[in-house]
Amino acid sequence: MRKFTSISLPLVFRFMLLLAFAMLTLSLLFVSALKFSVTKRQDAELKESISIISESLASSGTDELDFLALPYYITYTVYELESKKVLATNDSLLPLLDSGGKNLTYLKKNFFTDGDLNIRYLTNSVDFKGKTLIVEAAFDISNDSAARMISAFPFIALLSLIPVLFISFVLSFLISRETIASFKKLQADYDREKTFTSNVSHELKTPISIIDGHANLLKRWGKDDPKQLSESIDAILRETGNMNAIVTTLLEMSRLENGKVRVENEKFFVTNFFVKLQEEFTHLCPKIDFEIFDEDFLEIYTDQAKLHQIFTVILSNSIKFASEECKIVLRAKKIGSRIELSAADNGAGFSDEILPYVFERFFKGDSSHNRNVSGAGLGLSIAKTLAEAIGAEITAENAKTGGAVVKILLSGQTRQSF
């Protein structure tokens, strides 16, 4: 968990910083667009006010300026360019400015006792009775609601950014956790397939080498040595059989995993099933001591042939690792609506190191692929695949009294018979 957190948190913070940068960038763009729109509106109103004042001067002089229909927030002044004499104004505190026909902003700190002067203004020169008059119209930016909103927007954006960042942190953490988990699963699948390919190559390489060696022996002097001829032919046939068993097993697993094997369920009694297994293996290994426990004489509904394959693998492993004189206990019991079938032996059991891996392909209990123990390490993996095909769960553990225990938990139709 600590390793996962150390990997995911940097990704989360990067995502969060990227989101914060994107939000700030969008906020700045929005503010710039809004400011441009407001400024264009202000400039249009100033231009229209200048036009009204200029037309009034041309038609009525300064007498009608006090009655002009101007917006209440527009202040104006008409003054002589040379003498700076004010001829008309609706704001005596408005400074005499000349923008030269351009819309400009004027800021004067501490202009008032309680604040600054911040205006947007426009001037126009008018010839009136041989004199040049300056018509000045101004817009108080500090009292404009749109302008105040623009100035306050960055602060509002920063405040709103805090919960957004928190939510993005949580969401990005969850997303990164799922993403990393998916990548870990892909990596695990890749490593498993890589190991699988390596194991297949190793398992097939050994019999091929043996076959090649004996073929060379036959080519050199085996034809004239009956003993060598017989040994080489037996070895070639034996290793060919091993290779065929490996390939056949892999093909069967592939069909099972791809769902190409038909499951044919039928009803049968567990005790009869166990007795059949006992007879088969006692015939092969007469020294095996079998015990069968099915006190409720249970009847189950599943694929008997595939269940038989599963137990054949399990019992074969018990004989292989616990000797041909081992004791095997076959047991059936109800667990809720399901039935648990188990096979236990009195061998050495599983070591704690290998127990989590006993159902993996080609696993033999070590990493050396020791061929002193026959088989390719595919038995329990086949049993697991078969169990999944019939909708059962298979687990392995060690008995408290020693020995290995493999359990199959069956679902579906089960019933007790008397």
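The values are calculated or read from the model by the stated rules, or taken from the named source; none is laboratory data. All values reported here derive from a predicted model rather than from experimental measurement. Note that each Cβ is placed from the backbone with ideal geometry, even for glycine, and that neighbours are counted across all protein chains shown. Note: areas computed on protein heavy atoms with side chains; ligands, DNA, RNA excluded. Shrake-Rupley method; radii C 1.70, N 1.55, O 1.52, S 1.80 Å.
For region 38-77 versus region 78-135, the spacing of their alpha-carbon centroids is 13 Å. Between the amide H of LEU87 and those of VAL78, TYR79, GLU80, distances stay under 5 Å, these residues lying 5 or more places away or on another chain, with hydrogens modeled in the peptide plane. The amide H of GLY349, built 1.01 Å from its N in the peptide plane, has GLY403, ALA404 as neighbours under 5 Å, considering only residues 5 or more places off or on other chains. Once the C-beta distance of GLU353 and LYS287 is scaled by a Förster radius of 30 Å, the resulting FRET efficiency is 0.50 to the nearest 0.05.
Packing, taken as the mean count of other beta carbons within 10 Å per residue, orders the peptides 107-115, 133-141, 66-74 from highest to lowest as 133-141, 66-74, 107-115. Coordinate range of the alpha-carbon atoms in region 36-147 per principal axis, descending: 38, 28, 25 Å. Within a straight-line Cα-Cα reach of under 18 Å, LYS129 can be paired with the following aspartates and glutamates, leaving aside sequence neighbours fewer than 8 residues apart in one chain: GLU55, ASP63, GLU64, GLU80, GLU82.
The GluC sites (Glu not before Pro) of region 269-328 that DSSP puts in a loop, and whose beta carbon has at most 12 other beta carbons within 10 Å, are GLU295, GLU325. When the listed pairs LYS84/LYS108; LYS205/LYS306; LYS306/LYS407; LYS194/LYS320; LYS185/LYS205 are checked against a 22 Å cut-off, the alpha-carbon distance exceeds it for LYS205/LYS306; LYS194/LYS320; LYS185/LYS205. Over region 257-332, accessible surface divided per residue gives 55 Å², non-protein components excluded, 1.4 Å probe. Within the accessible area of region 44-136, the carbon and sulfur atoms contribute 48%, probe 1.4 Å, all protein chains present.
Put simply, when 401-409, 379-387, 76-84 are sorted by average Cβ atoms within 10 angstrom per residue, most first, you get 379-387, 401-409, 76-84.
Taking 0.36 nm per residue of sequence separation and removing the Cα-Cα distance, the ASP296/SER32 pair yields an extension gain of 86.8 nm. The base-10 log of I(q)/I(0) for region 302-355, evaluated at q = 0.15, 0.19, 0.20, 0.25 Å⁻¹, reads -0.52, -0.78, -0.84, -1.05 [Debye formula, identical scatterers on Cα atoms, solvent excluded].
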